[in-house]
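Participant: Let me give you the structure first, and then I'll get to my questions.
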Amino acid sequence: MRRRAKFLLVSVAACVAAVVLASPASAANAHFKSKPAVSFTDQGLFLSSSGAITGLGNGDVVITLTATGQPVATCTNPSGATQPPGQNPAQITLTGVEQIPSADIKNGNLSFTVNTAGPVTPVPGAPGCPNRQWTENITDVSFSSATITVYQPCTDTVPPISCAVVLQQTFTL
């Protein structure tokens, strides 16, 4: 009986080991690699971010950049002649997604660049202008914060992304 129990225990352990070893490795300690960890460049209507991550596992990576900012806009009346100063639309949030194949990860390291999309302009309904007949165009965005989120393994590139988060950090700009 002892021999049978020992055989059963060894068999179960072998099965568990096979399942664990057959599953793809995931990031155990993903973190930004160097200082400064991430750089941001205000491109006027969108934000660009670059950096390096280490501690990644196997599998494709998806990186999102979500930035919040105050747009600067002009309001133009229907005749095109007037652009009154001081028209400031509400704060906006812009997002960008970058998918990086696992082949680009070298020894757990990855360099990345990701950009947000630009804002919708002209702004539908011109809510920051005197009335809906005017045209509201965003000419710049003053970004105040950004969040970088790293997902792995992941191939989902349509927010909200439904993959495991391995790294997330918010930066004040």
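The values are calculated or read from the model by the stated rules, or taken from the named source; none is laboratory data. This one's a predicted model, so the numbers in the text were calculated from it and none came from an experiment. Positions of Cβ are backbone-derived with ideal geometry, glycine not excepted, and every protein chain shown enters the neighbour counts.
Participant: Just to verify a result, which residue in segment 121-169, among those that are of a type in the set (D, E, K, R) and farther than 16 Å from I63 by Cα, is nearest to the chain's Cα centre (by Cα)?
Facilitator: First, the residues of segment 121-169 that are of a type in the set (D, E, K, R): 132, 136, 140, 156.
Next cut, farther than 16 Å from I63 by Cα only: 132, 136, 140.
On the way: R132: 33, E136: 28, D140: 21 Å.
Here the answer is D140.
Participant: Now, a different point. If you check T116 against the conditions, is it surrounded by 14 or more Cβ atoms within 10 Å (Cβ to Cβ) and either in contact with a helix residue (DSSP H, G or I) (Cβ under 7 Å, 6 or more places away or on another chain) or more than 25 Å from A30 (Cα to Cα) (or both)?
Facilitator: On the way: surrounded by 14 or more Cβ atoms within 10 Å (Cβ to Cβ): yes; either in contact with a helix residue (DSSP H, G or I) (Cβ under 7 Å, 6 or more places away or on another chain) or more than 25 Å from A30 (Cα to Cα) (or both): no.
The answer is no for T116.
Participant: While we're on this one: For segment 34-73, which residues satisfy the criterion of being touching a His at 6+ places or on another chain (Cβ under 9 Å), in a strand (DSSP E or B) and either of a type in the set (S, T, Y) or surrounded by fewer than 16 Cβ atoms within 10 Å (Cβ to Cβ) (or both)? Write out each step before concluding.
Facilitator: So the first thing to find is which residues in segment 34-73 are touching a His at 6+ places or on another chain (Cβ under 9 Å), and the list is 37, 53-55.
Right, trim to in a strand (DSSP E or B) and you get 53-54.
Matches in segment 34-73: T54 only.
Participant: Among the numbered conditions (1) over 22 Å from V158 (Cβ atoms); (2) at pLDDT 95 or above; (3) buried (at least 16 other Cβ atoms within 10 Å of the Cβ), tell me where A103 comes up short.
Facilitator: For A103, the failing item is (3).
Participant: Give the residue that is surrounded by the most Cβ atoms within 10 Å (Cβ to Cβ), with candidates limited to residues of segment 74-92 that are modelled with pLDDT of 85 or more and under 21 Å from A146 (Cα atoms).
Facilitator: Ranking the candidates gives I92 first.
Participant: If you don't mind, another one. Answer yes or no as to whether G125 is loosely packed, with under 13 Cβ neighbours inside 10 Å, of a type in the set (G, A, S) and either over 12 Å from A73 (Cβ atoms) or in contact (Cβ under 8 Å) with a residue 24 or more places away in the chain (or both). Please lay out each step first, then the result.
Facilitator: On the way: loosely packed, with under 13 Cβ neighbours inside 10 Å: yes; of a type in the set (G, A, S): yes; either over 12 Å from A73 (Cβ atoms) or in contact (Cβ under 8 Å) with a residue 24 or more places away in the chain (or both): yes.
It is true that G125 is loosely packed, with under 13 Cβ neighbours inside 10 Å, of a type in the set (G, A, S) and either over 12 Å from A73 (Cβ atoms) or in contact (Cβ under 8 Å) with a residue 24 or more places away in the chain (or both).
Participant: A follow-up question, please. List pairs: first in segment 147-171 and free of Cβ contacts under 8 Å to residues at least 12 places away in the same chain, second among the charged types (D, E, K, R), Cβ under 8 Å, 6+ apart or cross-chain?
Facilitator: As it stands, the answer is S162/D156, since those pairs meet every condition given.
Participant: Mind listing whichever residues of segment 121-149 are among the hydrophobic types (A, V, I, L, M, F, W, C) and at pLDDT 95 or above? Full working, then the answer.
Facilitator: In the first step, residues of segment 121-149 are kept if they are among the hydrophobic types (A, V, I, L, M, F, W, C); the result is 123, 126, 129, 134, 138, 141, 143, 146, 148.
V141, F143, A146, I148, listed by residue number.
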